[in-house]
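Only the coordinates and a few stated rules stand behind these numbers; no lab work does. A quick note: this is a predicted structure, and the numbers were derived from the prediction, not measured. Ideal geometry is used to build each Cβ from the backbone, glycine not excepted, and the neighbour counts take in all protein chains shown.
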Amino acid sequence: MRIGPYHLSSPVILAPMAGVTDLPFRRLCRRYGAGLAVSEMISSRPQLQRHRRTRQRANHRGEPEPRAVQILGVDPGEMAACARLAEVQGAQIIDINMGCPAKKVCRVAAGSALLRDEPRVAAILTAVVQAVTVPVTLKIRTGWDPAHRNAVTIARLAEDAGICMLAVHGRTRACGFHGEAEYDTIAEVKQAVSIPVVANGDIDSPEKARRVLDHTGADAVMIGRAAQGQPWLLGQVAAGLEGRRLPAPGWTEKARVILAHVQALHAFYGPQAGVRIARKHIRWYLERLGLPVAAWRPLLQQEAAAAQLDGLARLLEARQAA
């Protein structure tokens, strides 16, 4: 699949996830086979552009191309300015967030709340596309609620505005992450536009990815929560879509990846913040490995980077020897 001048190495994309898809995790998922990894969302509010967390989210050091940055906001002018800044800072693809269902985002009419205001959607898309020279993509949900699924209308607005690729999560904003994703609307979107369409929602295996692509006709799949604690899943899905079976890494490689990821988080955020952010990743990894909660809960209490890493290494070694 192509996005502007960029040919993706695989039809499997890591979804942007707030607090998750930072530089260390994006680099890890790209190494394991993601064709693209989209950054955490960056607010377009001018007063936040110099904030430390905003600068961290815009950090692409050592990241494989193409580098994609997601932006969030409600004002066309601010969104255009944010996109220009992201391009200057190295973004090669700008992704617009109109899919986040979080209450704090929708409360200010951003994210998936924008789907209720089609004229504003069109204004934002046009402003951002005209502001930058790099490709612009869009991520949406199927609508505001099950009674108002307007993804097809939004998709046509996006194509008219010059959007290069559209990712659709198979739930409405009202659904949050509850229930099962539906893919009929994604299939309707694919039939309605000629730009690449990416299917998102509940894709957690090569078999599920194949069924979703066959049902929707989409050009690629996007994986979010299923990648937490198993970044190698993206490569497994990519291989499966090519008709190959790629086993998960063995225990030794998993342990090496987990420890290296935690070290990278400590280095990227600094010891204090890195320890806090590493906790959720540690939990996801160890839950995937089937370790009992009692075995790893003490790791989540550690305050020092060295103690956290040492405790994790000893736990993995003990589990391997068992």
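When the Gaussian network model of the chain links Cα atoms closer than 10 Å, the mean-square fluctuations of Ala80, Ala305, Ala34 top out at Ala305. Ordering 245-255, 183-193 by mean Cβ neighbour count within 10 Å, with the highest value first, yields 183-193, 245-255. Suppose the Debye formula is applied to equal point scatterers at every Cα of region 251-321; what is log10 I(q)/I(0) at q = 0.16 Å⁻¹? Debye intensities relative to I(0), on a log10 scale: -0.47. As I understand it, the value is the acute angle between the Cα axis of helix 206-216 and the longest principal axis of the Cα atoms of the chain; what does it come to in degrees, rounded to 10? It is inclined by approximately 10 degrees. Quick one: helix 76-88 against the long Cα principal axis of the chain, what's the angle to the nearest 10°, folded into 0 to 90? For helix 76-88, the angle is close to 50 degrees. Electrostatic tally near Asn200: other residues with Cβ closer than 11 Å to its Cβ, Lys and Arg +1, Asp and Glu -1, net +3. Averaging 1/r across all pairs of distinct Cα atoms in region 1-144 and inverting the result yields a Kirkwood radius of 15.1 Å.
Principal axis analysis of the Cα atoms in the chain yields extents of 59, 45, 36 Å, listed in decreasing size. Distance from the alpha carbon centroid of region 210-242 to that of region 253-310 works out to 26 angstrom. Measuring between alpha carbons in the structure, the pairs from Lys103/Lys190; Lys103/Lys208; Lys139/Lys254; Lys104/Lys208; Lys139/Lys190; Lys104/Lys139 lying more than 25 angstrom apart are Lys103/Lys190; Lys103/Lys208; Lys139/Lys254; Lys104/Lys208. Amide hydrogen proximity for Asp204: with H placed 1.01 Å from N in the peptide plane, the residues at 5 or more positions away or on another chain lying under 5 Å are Ala209. By DSSP, the beta bridges lying fully in the chain are antiparallel in about 5 percent of cases. Helix 305-321 axis versus longest C-alpha principal axis of the chain: approximately 70°, rounded to the nearest ten. Calculated on the alpha-carbon coordinates, the convex hull of region 162-211 measures out at 93 cubic angstrom per residue.
In plain terms, the residue of Val212, Val237 with the fewest other Cβ atoms within 10 Å comes first and the most crowded comes last, giving Val212, Val237.
Along its three principal directions, the equivalent ellipsoid of region 242-283 from the Cα gyration tensor extends over semi-axes of 27, 10, 9 Å, largest first.
Taking springs between alpha-carbon atoms closer than 10 angstrom, which of Gln301, Gln263, Gln130 fluctuates most in the Gaussian network model of the chain? The residue that fluctuates most here is Gln301. Here the Karplus relation 6.51 cos²θ - 1.76 cosθ + 1.60, evaluated at θ = phi - 60°, turns the backbone of region 132-142 into coupling constants of 10, 9, 8, x, 10, 10, 9, 10, 9, 10, 6 Hz, with x for every Gly and Pro.
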